[in-house]
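The values are calculated or read from the model by the stated rules, or taken from the named source; none is laboratory data. Keep in mind the model is a prediction, meaning the values are calculated, not measured. FYI the Cβ positions are ideal-geometry reconstructions off the backbone, even for glycines, and counts take in every protein chain you see. Note: areas computed on protein heavy atoms with side chains; ligands, DNA, RNA excluded. Shrake-Rupley method; radii C 1.70, N 1.55, O 1.52, S 1.80 Å.
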Amino acid sequence: MAAAQLRRSLTASLVRVAVLAALFALLFQCTVHPSPHPAKATATAADAAEAGMRQLLTRQAAAVLHRDRPAFLAAVDPRATGYLTRQRKVFDDLADVPLAAWSYRLVATGAFPLPPAADGTVRTAAQVELRYRLTGFDTQPVSATYYLTFAHRDGHWYVAGDDDGAAAGKRSAVELWDQGPVTVVRGRYSLVLGPGPAAALRRYADEADEAVPQVRHAWPDGWTGKVVVEVPGSLARMAALLGAEPADYRNFAAVTAGEAGGTATFHSDRVIINPEAFAGLSEFGRQTTLTHETTHVATRATTTANTPLWLSEGVADWTAYRTSGRTAREIAAELSTAVASGQVPAALPTDADFHATDAAALSRAYEGGWLACRMVADQWSPARLTDLYRAVAAGGSLDSHLRATLGLTLPDFTARWRAYLQQELA
């Protein structure tokens, strides 16, 4: 009996020792061996990093809206001294801009090559979208893309730069407040933003206020009846706002920045002035230029990739010149010279014609589009011109829309336009 009890006691002890050994081995495996799911662990770390960057962007956006300079700068890497200096200035230069909304969206990480930091700081290259609205003018946001460098140090994320992606062709957008202090002038229908004294910008507001009623008469529906005008300090700065080269806009006194169609990224247009070319215009030229560009703002939601430039630019010019009292020869000087010498265009201007680098050729393209639209308004009606514009935007062939709206095939319309040029210009 005693021997049997001793065997049972020894057996129980051995079992307990085996169980403890197994538990110890399991614990040892859990604490020493790597995770069997490294991809999951990495994904979790990446998610946490992105969450941290998003939170940082949310705080910085709130700081802009609440005009909280310390909170805005707290998001900037204190070791990125050059960037920090620029951001101090950007915040101050933005002070008078009337903001209804301002937000950032982290679009992607790993957006451009980024070498390791010399001090071992963890850095991330990210694409970020800024979306903002101006109070009383933007019904939908304007969007701009930035390529930012984020730095992680001591448990905190910071924005450390916005130009590290430039070498890889990833250039951050430039807004007016990135170029210097912004002065704001309000008109009845207009908001003008630019550098310098308010008195220098007041004339733009007055001219835009004259343009808006003209455009509303020709295009009453589908837009707010208001316009935002940006006046940068130079042609080079205008080109920077548009992400282009100065030579691309040397022959333009103003342009309308914004994507065509209501589903585009840029929903709210801006008329952007080329101050160097605009300064050389007569009073008539300034007024018609602003009316032309304001027409683009009004028609933007009904302008798509299907809309030929002769129609979109022609409608804008028709609106601008509609009540000018000037003859076709006075307005279409370049095309008048060509027609008088027997060089009547064989076809309507192509989209490529509106990108000509030769100033005379560019003028002939605009004048040809204007006279095509003027012909429709004169020989049918302004309402029929509007109907044609809206129909073309919806897609389908130009020939089919001309047949449905005007009862002419494209060849017949072109022939009629050529005859109209000779009648009005020869």
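Some points to look at:
- Test: Thr357 is part of a loop (DSSP other than H, G, I, E, B) and not aromatic (Phe, Trp, Tyr): yes
- Taking segment 104-140 as the range and being open to solvent by 50 Å² or more (accessible area, probe 1.4 Å), within 28 Å of Thr224 (Cβ to Cβ), in a strand (DSSP E or B) and touching a Leu at 6+ places or on another chain (Cβ under 9 Å) as the test, the residues that pass are Tyr104, Arg105, Arg133.
- Criterion applied to Leu425, Leu408, Leu371 was being in contact with a helix residue (DSSP H, G or I) (Cβ under 8 Å, 6 or more places away or on another chain) and either among the polar types (S, T, N, Q) or more than 21 Å from Ala316 (Cα to Cα) (or both), and the one residue passing it is Leu408.
- Hey, Arg364 under 18 Å from Thr307 (Cα atoms), within 35 Å of the chain's Cα centre (by Cα) and in contact (Cβ under 8 Å) with a residue 12 or more places away in the chain or not: no
- Taken over segment 189-208, the criterion of being within 13 Å of Val228 (Cβ to Cβ), in a helix (DSSP H, G or I) and either open to solvent by 10 Å² or more (accessible area, probe 1.4 Å) or not aliphatic (A, V, I, L, M) (or both) is satisfied by Tyr204 alone.
- Qualifying residue in segment 141-152 (condition: hydrophobic (A, V, I, L, M, F, W, C), part of a helix (DSSP H, G or I) and in contact with a strand residue (DSSP E or B) (Cβ under 6 Å, 6 or more places away or on another chain)): no
- Unmet requirement for Ser324, which otherwise passes all of (1) in contact (Cβ under 8 Å) with a residue 24 or more places away in the chain; (2) surrounded by 14 or more Cβ atoms within 10 Å (Cβ to Cβ): (2)
- Candidate set from segment 154-186 (those that are out of contact with any strand residue (DSSP E or B) (no Cβ under 9 Å at 6 or more places or on another chain), open to solvent by 20 Å² or more (accessible area, probe 1.4 Å) and in a loop (DSSP other than H, G, I, E, B)); member that is nearest to Asp93 (Cα to Cα): Pro181
- Some residue of segment 274-295 being crowded, with 22+ Cβ neighbours inside 10 Å, at pLDDT below 95, within 16 Å of Val212 (Cβ to Cβ) and under 20 Å from the mean Cα position of the chain (by Cα): no
- Residue in segment 210-235 that is least open to solvent (accessible area, probe 1.4 Å), counting only those that are more than 18 Å from the chain's Cα centre (by Cα) and over 27 Å from Tyr389 (Cα atoms): Leu235
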